[in-house]
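Just below is one structure, and these are the notes that go with it.
The values are calculated or read from the model by the stated rules, or taken from the named source; none is laboratory data. Fair warning: this is a prediction, and the values are worked out from it, not measured in the lab. Cβ placement follows ideal geometry from the backbone for every residue including glycine, while neighbour counts extend to all protein chains displayed.
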Amino acid sequence: MATAVKGAARTAPPLPGPERPRRIRVLSFSQRLSRWDVKVSPYLYISPFFLIFAIVGAFPLVYTAVISFMDWDQIRQSGEFIGVDQYAWILTQPAFWVALRNTFSIFLLSSIPQLILALFLAAVLDRNLRAKTFWRMGVLLPYVVAPVAVGLIFNALFADNSGQVNAWLGMIGIGPIPWHVEPFWSHVAIATMVNYRWIGYNSLILLAAMQAIPRDYYEAATVDGAGAFRQFWSITLPSLKPTLIFVIITSTIGGLQIFEEPRMFDQFGEGGSANQWLTITLYLYNLGWGDWNFGRAAAMAWLLFLIILVIGLVNLFVTQSLVGDDGGRGPKLTRAQRRALRREARARRAGRKELRR
């Protein structure tokens, strides 16, 4: 019994004593400043972008959206709310549908050849050429030229009567083409201007992506007997899918917003006598600064934004189908790439065995 009492006494919890006062840690000013720096400084670093975007990006969008529902007077800076009448008026105008047709026609005539030629130039520049830097800088020179200068030069080249292009066509037995009369030929001429400016720019973007592809893939494909075209089709193109999609999306946005080239294609800058090359942005400019109807111009701007948004969503679905899911696994490897990776793994294992010996 005494033993049990002693054991219970040993296991009994001690009686609560007086609590010791907790020491309050007083932070110095430098320590508090350091804590504030860790918490606040990241937001300060990224705040300039959001401030500038709010001023030059978000505010104009909201302001344009408000004006598009009003009969706006730019001089008095006031207007009357009329709802969707501006949008309804634009959609009932034949010139809008002509401008939409011309915009998509010029976009297709410029973007498809632009992408093909940019791929070809990037593949050529990726080879072991002499004076590679010179050629790579050379393809970028047209992008540096001002769009107005390009428009003036090509306007003279594609003149109907005294243009150099018609002179070259006459040397091979082809009659003069009415570049400023027929809608299709005017679209071809404007698309040529666009391609002249942007092929080199897109070529350098694709070239940078090509140089990031490991050369072991090409060496393994060469050992397996694959030719240059087979290597380009099976290794280069699958590895370029994310970059190609970026180029396609940016070309789509730029192609639907084309303005400088059709504006400078003749001396009047209104899209032709019969709207042969009138684009949506040029029609927007004529509504705003030609007719001084900024409400309709704002409505046109938002219609263009919605069109670009729809095309962008289509490109997004195409991106997901080409690149795969967004799980972070990246593009699917080709057979030559998988074979090269297996060879690298075997070489690493052999190297580790040699080190152990």
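Counting the residues of the stretch 76-100 that are surrounded by 15 or more Cβ atoms within 10 Å (Cβ to Cβ) and either of a type in the set (Asp, Glu) or assigned to a helix (DSSP H, G or I) (or both) gives 9. Restricting Val66, Val124, Val165, Val62 to residues that are assigned by TED's automatic domain parsing to the domain that holds Tyr196 and within 30 Å of the chain's Cα centre (by Cα) narrows the list to Val124.
For the stretch 107-138, the set of residues classified as touching a helix residue (DSSP H, G or I) at 6+ places or on another chain (Cβ under 9 Å), charged (D, E, K, R) and not in a helix (DSSP H, G or I) consists of Asp126 only.
The set of residues in the stretch 205-246 being of a type in the set (A, V, I, L, M), surrounded by fewer than 17 Cβ atoms within 10 Å (Cβ to Cβ) and closer than 16 Å to Arg343 by Cα consists of Val223 alone. All of (1) under 23 Å from His187 (Cα atoms); (2) without any contact (Cβ under 8 Å) to a residue 60 or more places away in the chain hold for Leu115 with one exception: (2).
Looking only at the stretch 133-140, decide whether some residue is under 19 Å from the mean Cα position of the chain (by Cα) and at pLDDT 85 or above. Checking the stretch 133-140: at least one residue is under 19 Å from the mean Cα position of the chain (by Cα) and at pLDDT 85 or above. Has the stretch 56-66 got any residue that is under 22 Å from Leu284 (Cβ atoms), in a helix (DSSP H, G or I), small (Gly, Ala, Ser) and modelled with pLDDT under 85? Looking for residues that are under 22 Å from Leu284 (Cβ atoms), in a helix (DSSP H, G or I), small (Gly, Ala, Ser) and modelled with pLDDT under 85, one finds at least one in the stretch 56-66, hence yes.
Here is the figure for the stretch 264-301: residues that are within 23 Å of the chain's Cα centre (by Cα) and either among the aromatic types (Phe, Trp, Tyr) or at pLDDT below 90 (or both) total 0. May I ask you to verify whether Asn195 is part of a helix (DSSP H, G or I), touching a Ser or Thr at 6+ places or on another chain (Cβ under 6 Å) and polar (S, T, N, Q)? Yes; evaluated as a whole, the condition is true for this residue.
So that you can scan it fast, the table gives a plain yes or no per residue for (1) farther than 17 Å from Ala122 by Cβ; (2) in contact with a helix residue (DSSP H, G or I) (Cβ under 8 Å, 6 or more places away or on another chain):
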{"residue": "Leu140", "(1), (2)": "no, yes"}
{"residue": "Val150", "(1), (2)": "yes, yes"}
{"residue": "Gly173", "(1), (2)": "yes, no"}
{"residue": "His180", "(1), (2)": "yes, yes"}
{"residue": "Phe184", "(1), (2)": "yes, yes"}
{"residue": "Asp216", "(1), (2)": "yes, yes"}
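Is at least one residue of the stretch 240-248 modelled with pLDDT of 85 or more, in contact with an Asp or Glu (Cβ under 8 Å, 6 or more places away or on another chain) and in a helix (DSSP H, G or I)? Within the stretch 240-248 (the criterion being modelled with pLDDT of 85 or more, in contact with an Asp or Glu (Cβ under 8 Å, 6 or more places away or on another chain) and in a helix (DSSP H, G or I)), the answer is no, since none of the residues qualifies.
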